[in-house]
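Report on the following structure.
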């Protein structure tokens, strides 16, 4: 029995539409796997993937690279006192404010609980400082409007020369974050890894990252 051309065409269209729906479903699944449920920004997995890619690109082309970790101040107390719904609202506000503070090429992600991360490709110390100051100022303004204590503290690492590894940069940012939080609220500690000055030059086999003076006018940890 011969197939009717109209029937065949309809069948092909239906199969194509089913394939399109499956493709869309897979795209949504991939997007959800990289998106934080509460804040709707990138999650930990997406951040690590992007950070790995940008770190290797910065190493290959010897470009600057900045990574920052920051926490919402007094978040646990706020959660315990006012409940999860309000705490989640604070996280969303912090995420939106951070997203507005960064450049189009930058990335903000929620790593978990109240911890966030910023990835600033091609950003030296001055550019990183501008982003952090914009974030802090925007949160202070939001705090005045809402009457809520909306501040963040964190650690910033800027690499002007390739660091040993991405894990080293992350570890430094985490240490700076904890140091800043121990010093008070609304504080960032920063570190710049730069080529050694000529007067302190060492052979390549002995060369270590050299830390520039802090670029932010906030308390800093003692120089190691």
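The values are calculated or read from the model by the stated rules, or taken from the named source; none is laboratory data. As the structure is a computational prediction, the values presented were derived from the model and not from experiment. All Cβ positions, glycine included, derive from the backbone under ideal geometry; neighbour counts span all protein chains shown.
List of remarks:
- Residues satisfying the stated conditions in region 44-79, i.e. over 12 Å from the mean Cα position of the chain (by Cα) and within 19 Å of residue 181 (Cα to Cα): 72, 73, 74, 75, 76, 77, 78, 79
- Scoring residue 204 on the criteria (1) under 20 Å from residue 58 (Cβ atoms); (2) outside any loop (DSSP other than H, G, I, E, B); (3) at pLDDT below 85 leaves a single failure, condition (2).
Let's see how each residue does on (1) touching a helix residue (DSSP H, G or I) at 6+ places or on another chain (Cβ under 9 Å); (2) at pLDDT below 90; (3) on the phi > 0 side of the Ramachandran plot:
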position: 128; (1), (2), (3): no, no, no
position: 132; (1), (2), (3): yes, no, no
position: 138; (1), (2), (3): yes, no, no
position: 142; (1), (2), (3): yes, yes, no
position: 166; (1), (2), (3): yes, no, no
position: 173; (1), (2), (3): no, no, no
position: 178; (1), (2), (3): no, no, no
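- For region 137-146, the criterion of being assigned by TED's automatic domain parsing to the domain that holds residue 110 and within 24 Å of residue 44 (Cβ to Cβ) is met by at least one residue.
- Flag for residue 123 being at pLDDT 90 or above and under 28 Å from residue 61 (Cα atoms): yes
Condition check ((1) over 18 Å from residue 74 (Cβ atoms); (2) buried (at least 20 other Cβ atoms within 10 Å of the Cβ)) across all residues:
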{"residue": "108", "(1), (2)": "yes, yes"}
{"residue": "112", "(1), (2)": "no, no"}
{"residue": "118", "(1), (2)": "yes, yes"}
{"residue": "124", "(1), (2)": "yes, no"}
{"residue": "130", "(1), (2)": "yes, no"}
{"residue": "137", "(1), (2)": "yes, no"}
{"residue": "144", "(1), (2)": "no, no"}
{"residue": "149", "(1), (2)": "no, no"}
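- Evaluation of residue 190 against the conditions (1) at pLDDT below 80; (2) in contact with a strand residue (DSSP E or B) (Cβ under 8 Å, 6 or more places away or on another chain); (3) closer than 25 Å to residue 95 by Cα shows that the sole unmet condition is (1).
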